[in-house]
Amino acid sequence: MQLPDNKFNQGYTLLELLVIVVVIGMLATIMTPSWLSLLNLLRLNAAQAETLSIMRQAQASARREKRIWQANFRDIDGRVQWSLNPENQSETSQVWNNLVGEDANKITIQHSTLRNQNGVYSIQFKPNYWVNGQLGKITFITRGTTNTTNVTKRCVFVSTLLGTLRTDKDNDCQN
């Protein structure tokens, strides 16, 4: 008895492979905007968390060294940066770090009511954790966003003279 010849029945036909490639392409097209939105949201959340941490570091440094410390933020050369330093340190001796590392060019400061000097937004803390001077907030959005009404926002508020820090998002960043 002779077995049937199976050499033509193995693998996929060209048409089947083409259908698979088209389906994968359609799925990728559908998922790309959602994936990019998720990445932008994660970047904004990271910027908010890092900003809150930097402000708390300024409070802790003021308490530890018993002198006024400040947290500074700026948007320069398409990158959001931060520095932490004592009150009267010269601007040239400040060490600037990128906020959220390599993604510093993907976010921007949309609005800030912190003290602004030459594009540097600052908040100062006294040794008792209290705010030295002006209260305020800093709001981040994704760089290149054109529609500013329905945009994802993340913000950090310095809301009381006692140095209370809180975070908020989206429309609640207006208040």
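Quick check on ALA71: is it within 22 Å of GLY163 (Cα to Cα), in a helix (DSSP H, G or I) and free of Cβ contacts under 8 Å to residues at least 60 places away in the same chain? No; evaluated as a whole, the condition is false for this residue. Could you figure out which of (1) under 13 Å from the mean Cα position of the chain (by Cα); (2) in a loop (DSSP other than H, G, I, E, B); (3) without any contact (Cβ under 8 Å) to a residue 24 or more places away in the chain isn't true of GLN81? With (1) under 13 Å from the mean Cα position of the chain (by Cα); (2) in a loop (DSSP other than H, G, I, E, B); (3) without any contact (Cβ under 8 Å) to a residue 24 or more places away in the chain applied to GLN81, the lone miss is (2).
Here's a check for you: in the stretch 107-118, which residue that is modelled with pLDDT of 90 or more and not in a strand (DSSP E or B) is surrounded by the fewest Cβ atoms within 10 Å (Cβ to Cβ)? The selected residue is THR113.
All but one of (1) farther than 29 Å from GLY163 by Cα; (2) modelled with pLDDT under 85 hold for GLU91; which doesn't? That leaves (1) as the condition not met.
Against the numbered list (1) assigned to a helix (DSSP H, G or I); (2) touching a residue at least 40 places away in the same chain (Cβ under 8 Å); (3) within 18 Å of LEU162 (Cα to Cα), ALA60 comes up short only at (2). The one condition from (1) surrounded by 15 or more Cβ atoms within 10 Å (Cβ to Cβ); (2) in contact with a strand residue (DSSP E or B) (Cβ under 6 Å, 6 or more places away or on another chain); (3) within 20 Å of ARG154 (Cα to Cα) that ASP103 does not meet is (2). As for the stretch 98-107, it holds no residue that is more than 22 Å from LEU44 (Cβ to Cβ) and among the aliphatic types (A, V, I, L, M). Can you pull out every residue in the stretch 30-65 that is under 9 Å from the mean Cα position of the chain (by Cα) and within 30 Å of TRP130 (Cβ to Cβ)? Correct list: LEU44, ASN45, ALA46, ALA47, GLN48, ALA49, GLU50, THR51. Which residues, taken from the stretch 124-174, are surrounded by 12 or more Cβ atoms within 10 Å (Cβ to Cβ), in a loop (DSSP other than H, G, I, E, B), of a type in the set (S, T, N, Q) and under 17 Å from the mean Cα position of the chain (by Cα)? Within the stretch 124-174, THR145, THR152 qualify.
The values are calculated or read from the model by the stated rules, or taken from the named source; none is laboratory data. Just so it is clear, the model here is predicted, and its values are computed rather than measured. We place every Cβ from the backbone using ideal geometry, glycine too, and count neighbours over all the protein chains shown.
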